[in-house]
Amino acid sequence: MKIALTGDSLITRFFDSGASYEGFEEVKKILLKHEINFTNLEGCVRINEGKPSLFPGGSWVAPPHTVIERVKKYGI
């Protein structure tokens with residue numbers, strides 16, 4: 001069994017929307033070679049609940065809930 005562990009994933013925009021990011025294709029190939037992938041998804045996944053930074057302990061890093069389905073495509 002092949003397992004890949006990544007560091008912090010601070011996703012602020014969708015990386016598979018057709019935009020070209022240097023090195024992304026190589027990372028994608030590596031992830032898809034493994035059976036299990038782990039990452040530390042930084043931020044609070046949300047469903048348009050407002051601005052998280054306005055709440056005590058909130059964060060500006062708040063990707064939309066659709067990020068979950070997108071990272072699952074890479075085995076995460």
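The values are calculated or read from the model by the stated rules, or taken from the named source; none is laboratory data. Everything quoted here is computed from the prediction, not taken from an experiment. Please note: Cβ atoms are built from the backbone with ideal geometry, for glycine as well, and neighbour counts cover all protein chains shown. The protein model used for the area step is the full one, side chains on, heavy atoms only, and it has no ligands, DNA or RNA in it. Shrake-Rupley method; radii C 1.70, N 1.55, O 1.52, S 1.80 Å.
Details
- Region 63-76 - phi-based ³J(HN,Hα) in whole Hz, Karplus 6.51/-1.76/1.60, Gly and Pro as x: x, x, 4, 5, 4, 4, 5, 5, 6, 5, 4, 9, x, 7
- Nitroxide proxy distance, nm - points 7 Å out along Cα→Cβ at Glu69 and Glu35: 2.8 nm
- Surface calculation, 1.4 Å probe, protein heavy atoms: Leu32 sits at approximately 100 Å² accessible.
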